[in-house]
Every structure is written in C-alpha cells, then in structure tokens.
1. With the radius of gyration and the Kirkwood radius both derived from the Cα set of the range 30-112, what is their ratio Rg to Rh?
2. Give the relative contact order (percent, whole number) for the chain; include only Cα pairs under 8 Å separated by 6+ residues.
3. For the chain, with the dipole built from +1 on Lys and Arg beta-carbon atoms and -1 on Asp and Glu ones, taken about the Cα centre, which of Met143, Gln124, Pro36 lies farthest toward the positive end?
4. To the nearest 20 Debye, how big is the dipole of the chain about its Cα centre, given +1 on the beta carbon of each Lys and Arg and -1 on that of each Asp and Glu?
5. Which angle between 0 and 90 degrees, to the nearest 10, do you get for helix 112-123 versus the longest principal axis of the chain when only C-alpha atoms count?
6. In nm, to one decimal, how far is the modelled label at Glu127 from the one at Lys44, with both set 7 Å along Cα→Cβ?
7. Please report, for the Cα atoms of the chain, the Rg to one decimal and the Dmax as a whole number; what are they, in angstrom?
8. Using Cα atoms only, what is the angle between the long axis of helix 7-18 and the major principal axis of the chain, expressed in degrees (0 to 90) to the nearest 10?
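Please treat every number below as a calculation from the coordinates, not as lab data. Keep in mind it's a predicted model, so treat the numbers as computed, not measured. Neighbour counts are summed over all protein chains in view; Cβ atoms, including those assigned to glycine, are modelled from backbone coordinates with ideal geometry.
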Amino acid sequence: MIPHLDDHDTRILAELQRDARLSMAELGRRVQLSQPGVTERVRKLESAGVITGYTAKVDLGKLGYGIRALLRLGRAESSRVTKVVQQTPEVVNAYNVAGQDNWLLEIAVMDVAHLDAVISKFGQLTEVSTAVILHPVREHQPMLPVPRDDPRTIIRKVSLA
C-alpha cells in the first residue's frame, strides 16, 4: 500500500534525495516547516518505509576502480548466484530480472585483468555477456511519488519527449 504523501512530504523527499546531509533546521527552511515539524515528518517517512536509509555517493574512479561494467547472466540456480554475488565485493548492484537474462550485475573493477577475473568467476555459473560503461548519463535520479490522480501522467510526459 502506498502511504498518502502531501506536498510537504514530497518536497522533503526531493530535498533529502538531493542532499541527505541537510540538517533538520535547513530542511525545514527549504520546505517551509518548523524544525520539529519536519523532524516528525521525516520520522514518519522512515517508519512507513518510504525512506529506507541514507548513503554517500562516491566517485568509484577516485577509489581506484577504473572500469565499471554491466554483466548479464543467463539461467543459473538463484542460490548459487546469490552466494557468489555476496562473496564478490566488486558487485555494486545486483538484480534478478525477467527477460532474456536472469541477472543483471553492475560491477566496478581496477583494470581489464580484474574485469576478466570477475567475469570468469560468474562464467563458472552460467553464460555471461558484458557491457563496459563508458559514461554514465544519469545516476541516482531523485524520484517523487506517482501522482495519485492519474498515474499515466508520467507515461504521457515520457512519450511526448
């Protein structure tokens, strides 16, 4: 069930997705609520599971990971793939998907030899195809609630572009 979010909640979500380090006082100023009021709303959004955590965005290149890639894995036993994903620190994101592939993994590696080692590790489970990320166009896009009056509004906006 989607909780009811008013304009203040939506603006709070937008601001926190842009900068989760905002103080409650600054967040309150930006959304035109008192500090206690905005603090209570943030707590309610956390309790409802809308806000699930806070993270720092890091530049993987500056940490020594010169290559990012997407690995597409074919059919394999889910528990085996999950175990290897959990044992592979190079996996940034992992998704069990429907379609031609069963898994989509985003990885970060130091160089081509490191890339080959990670691909080989998953290649022992199933067939693997790889796409090297040359330049991310959009990452960490802030998302707001679907409009309650007409969820198809978003689809119309996208198709008009």
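1. 1.16
2. 23 percent
3. Of the candidates, Pro36 comes out farthest on the positive side.
4. 180 debye
5. Helix 112-123 sits at roughly 90 degrees to that axis.
6. 5.2 nm
7. That works out to 20.0, 56 Å for Rg and Dmax.
8. Between helix and principal axis, roughly 40 degrees.
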